[in-house]
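Peer 1: Below are the structure tokens for one structure; questions will follow.
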Amino acid sequence: MTRIFSGVKPTGHLTLGNYLGAVRQWAKVDQHRADALFCIVDLHALTVEHDPGRVCRLSRQATTLLLAAGLEPAQCTVFVQSHVDEHARLSYLLECVATDGEMRRMIQYKEKSARERAHGGSVRLSLLTYPVLMAADILAYGADEVPVGDDQRQHVELTRDLAVRFNQRYGHTFVTPRATHPVVAARVMDLQEPTSKMGKSHDAGAGIVYLLDEPDVVRKKIMRAVTDSGQEVEYDREAKPGISNLLEILAACTDGEPEKLGGAYTSYGALKKDTADAVVEVLRPLQERHRELVADPAYVDGVLKEGAERARGMARPTVDAAYRAIGLLPPS
Ligand code: TYM
């Protein structure tokens, strides 16, 4: 059976971009067609300036939101990265296979390190090695597929390179995974800055729709979205980034096609209104279920406990095999 692994980082409240680019696909399709693991990657949240209490709260909130979005513990494994030691164990071995040049070429490293420096901070070594830990997440489970938004493409490419290199040097140990992306909304853009990705770690802004935003807040943010010059509603990412972003969001929420939807509108205002309605409708059941789950913390704890046990059982044999293959003396 196909094995799927993906994750979400608790560095901020989850956004519509996380949902449409990744989580929705996990819940609707992936968990039903494969042996799937979904991980709240809390170790990754430590790679930038963070408030310890907030990371802890956000990890719990992300878990609750993934369950509210439809992940079913009977269908898939939901767990927290730091609960399974194999991620950190394997990450170190992969650091011995990766090169510093490869790390410095990563687009997200360049962007995030520049942002940290611009805010007067120093860049943590773990930010540089972030993609190695991500590779360990994926390779520890022998995942065949990694369903992610467009921004993770380069990281999964690196994961493939590391798997192939390790296998060539030390014998076949890892499955070489491949990234999969949704056809629509693989890169949801910021509503106020439609040439930048809608990102949860960015400063809270009018351009980001959070999954827990109240309906009137969602409407306000979408109605105030920056649009483009001209009047025509057409899908053209280059010439009309604002309108194209709205068409992608509407298409993703209504299972339509952005190019076709464009022809149905004669004004920007009507497109915004329909997009706002569609997003509110998509978020409504998720928010209701979230409220129920918040009232049942024991259930969420139970899911994570069982998830970590299952995940450990899956990762350990592969990581132990990697330890042996690379030349470490097994404990007697
Ligand atoms: P993270 O937490 O930034 O995002 C979680 C998922 O949401 C997708 N995504 C988006 N998709 C479309 N439009 C957007 N604006 C948007 N913003 C985010 C991301 O592509 C991702 O699929 N490095 C990863 C977490 C990670 C991981 C892994 C993922 C760690 N280990 C192993 C897969 C496998 C990250 O920061 O995702």
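Bear in mind these aren't lab numbers, they're just calculated from the coordinates by the rules spelled out. Computed from a predicted structure; not experimentally measured. Here Cβ is always computed from backbone atoms with ideal geometry, including for glycine, and neighbour counts include all displayed protein chains.
Peer 1: Please grab the % of Cα pairs in the chain that end up more than 32 Å from each other.
Peer 2: Value for the chain (Cα pairs over 32 Å): 31 percent.
Peer 1: Can you tell me the mean projection area, over all orientations, of the convex hull of segment 215-291's alpha carbons? Units nm², please.
Peer 2: Average projection, Cα convex hull of segment 215-291: 5.0 nm².
Peer 1: Quick one: 3J(HN,Hα) in Hz for segment 88-93, Karplus 6.51/-1.76/1.60 with θ = phi - 60°, rounded, Gly and Pro as x.
Peer 2: 5, 4, 6, 4, 5, 4
Peer 1: A further question follows. Within the set K28/K110; K220/K260; K110/K272; K9/K112; K9/K273; K9/K220, which residue pairs have Cα atoms separated by over 23 Å?
Peer 2: Working: K28/K110 34 Å; K220/K260 25 Å; K110/K272 34 Å; K9/K112 14 Å; K9/K273 31 Å; K9/K220 27 Å.
Over 23 Å apart, Cα to Cα: K28/K110; K220/K260; K110/K272; K9/K273; K9/K220.
Peer 1: While we're here: Considering the convex hull of the alpha carbon atoms of segment 4-71, report its projected area averaged over all viewing directions, in nm², one decimal. Numbers along the way, then the final one.
Peer 2: Details: hull surface 17.4 nm².
For the Cα atoms of segment 4-71, the hull's average projected area reads 4.3 nm².
Peer 1: Express the relative contact order of segment 215-291 as a whole percentage, based on alpha carbon pairs under 8 Å and six or more residues apart in sequence.
Peer 2: Taking the mean separation of contacting Cα pairs over the length of segment 215-291, I get 35 percent.
Peer 1: Could you go through segment 32-45 in sequence order and give the Karplus-derived ³J(HN,Hα) for each residue, using 6.51 cos²θ - 1.76 cosθ + 1.60 with θ = phi - 60°, rounded to whole Hz, and x for Gly and Pro?
Peer 2: 8, 10, 8, 8, 10, 10, 10, 10, 8, 8, 6, 4, 5, 6
Peer 1: Using the per-residue mean of other Cβ atoms lying within 10 Å as a proxy for protection, in what order, highest first, do the peptides 57-64, 211-218, 73-80 fall?
Peer 2: 57-64, 73-80, 211-218
Peer 1: Computed over the Cα atoms of segment 267-332, what is the ratio Rg over Rh, Rh following Kirkwood?
Peer 2: That ratio is 1.39, to two decimals.
Peer 1: For the Cα atoms of the chain, what angle does the longest principal axis make with the long axis of helix 241-254, in degrees from 0 to 90, nearest 10?
Peer 2: Helix 241-254 and the main axis of the chain meet at about 80 degrees.
Peer 1: Same structure again: Quick one: if you take sqrt(5λ) for each eigenvalue of the C-alpha gyration tensor of segment 200-332, what semi-axes come out, biggest first, whole angstrom? Write out the running numbers ahead of the final one.
Peer 2: Values: eigenvalues 383, 100, 35 Å².
Each semi-axis is the square root of five times an eigenvalue, giving 44, 22, 13 Å.
Peer 1: Another question, if that's okay. Tally the DSSP beta bridges in the chain and give the antiparallel ones as a percent, rounded to 5.
Peer 2: 10 percent
Peer 1: Helix-derived [θ] at 222 nm for the chain: sum -39500 (n - 2.57) over DSSP H runs of at least 4, divide by residue count, nearest 500?
Peer 2: Helix-only estimate at 222 nm: -16000 deg cm²/dmol.
Peer 1: In a Gaussian network model over the chain where Cα atoms closer than 10 Å are linked, find which of G17, G149, G263 has the largest mean-square fluctuation.
Peer 2: G263
Peer 1: For the Cα atoms of the chain, what angle does the longest principal axis make with the long axis of helix 125-139, in degrees from 0 to 90, nearest 10?
Peer 2: Approximately 80 degrees, to the nearest ten.
Peer 1: Relative contact order for the chain using alpha-carbon pairs under 8 Å, separation at least 6, rounded to a whole percent?
Peer 2: Once divided by the residue count of the chain, the mean separation gives 22 percent.
Peer 1: Beyond 16 Å, how much of the Cα-Cα pair distribution for segment 67-126 remains, as a whole percent?
Peer 2: Everything past 16 Å amounts to 66 percent.
Peer 1: For segment 76-204, just the Cα atoms, rotate onto the principal axes and tell me the three extents in Å, largest first.
Peer 2: 49, 36, 28
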